[in-house]
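The values are calculated or read from the model by the stated rules, or taken from the named source; none is laboratory data. Here the structure is a predicted model, which is why all the values come from computation and not from measurement. FYI the Cβ positions are ideal-geometry reconstructions off the backbone, even for glycines, and counts take in every protein chain you see.
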Amino acid sequence: MPNLENLRKQAKLVLRWHRDRYYPVAAQIRSVLPRFRQLSDPEVLAHPFKLADAQELVARQQGFESWQALKQGLQAMSDSTAQTTTRPVITAVAAELFVSDIQKSCDFFTQKLGFTVVYVYGEPPFYGQVKRDAARLNLKCMDRPVIDPELREREQLLSADMGVDTADAIKQLYLEFQQAGVEFQQTLMRQPWGAKNFVVRDLDGNLLLFAGPAE
């Protein structure tokens, strides 16, 4: 939406151009303001031209008949925008995994877990992203483990938590991964809080939890 203060500055600039006899503004004035239409460029620049004329020119360029109509129109648009503005909604989230080899990780996720590569960046690659349905995982190449492997195993520190909507879906997903030969840190289990989940260990030891309802 146009900003009224910027339009005021634009009108003052047009007025200054007219006073300075800046020839390109003459054609602009003649094409927008009907009362100047029959005048030549020198005649337009010699004709009295006030701030109100410059404001009318700017208003007409914005689709309004007058400066007053422009101000009222902008106010109406501002009120409408204020009424329709909604709180921003975050529609996606991605976990970040630290890996030792981007290409090998991409191969693991695509060939074993059914993900697709969104992008790979760098030469050689040092960052990338894979996705499956709404799940997205960022892959960042590191030359040494970021998380102590013993601590991760002892505390079962998860790198990502992904879910499905039905009990049948979590069972099918588990069987799919099992057939692909992935390594499970935890097989499919029913949990006391009413979920079924399992945990996959990727090539770098990252623990990936997949969960769904038990029933």
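Just one of the listed residues (Gln185, Gln178) is part of a helix (DSSP H, G or I) and touching a Phe, Trp or Tyr at 6+ places or on another chain (Cβ under 9 Å), and it is Gln178.
Kindly check whether there is at least one residue in the stretch 94-112 that is part of a helix (DSSP H, G or I), in the same structural domain as Glu176 (by TED's automatic domain parsing), in contact (Cβ under 8 Å) with a residue 40 or more places away in the chain and of a type in the set (Ser, Thr, Tyr). Yes, because at least one residue in the stretch 94-112 is part of a helix (DSSP H, G or I), in the same structural domain as Glu176 (by TED's automatic domain parsing), in contact (Cβ under 8 Å) with a residue 40 or more places away in the chain and of a type in the set (Ser, Thr, Tyr).
Is there a residue in the stretch 130-148 that is more than 21 Å from Phe98 (Cα to Cα) and without any contact (Cβ under 8 Å) to a residue 12 or more places away in the chain? Within the stretch 130-148, one or more residues are more than 21 Å from Phe98 (Cα to Cα) and without any contact (Cβ under 8 Å) to a residue 12 or more places away in the chain.
Output the residue which, of all residues in the stretch 118-132 that are assigned to a strand (DSSP E or B) and out of contact with any Phe, Trp or Tyr (no Cβ under 8 Å at 6 or more places or on another chain), is surrounded by the fewest Cβ atoms within 10 Å (Cβ to Cβ). So that I can check it myself, show each step before the final result.
So in the stretch 118-132, the residues assigned to a strand (DSSP E or B) come out as 118-121, 127-132.
Of the ones still in play, those that are also out of contact with any Phe, Trp or Tyr (no Cβ under 8 Å at 6 or more places or on another chain) are 118-119.
Details: Val118: 14, Tyr119: 9.
That would be Tyr119.
Working only within the stretch 34-71, note down all residues that are closer than 15 Å to Val14 by Cα, of a type in the set (A, V, I, L, M) and either touching a residue at least 40 places away in the same chain (Cβ under 8 Å) or buried (at least 17 other Cβ atoms within 10 Å of the Cβ) (or both). Residues satisfying the conditions are Val44, Leu45, Leu51, Ala54, Leu57, Val58, Ala59.
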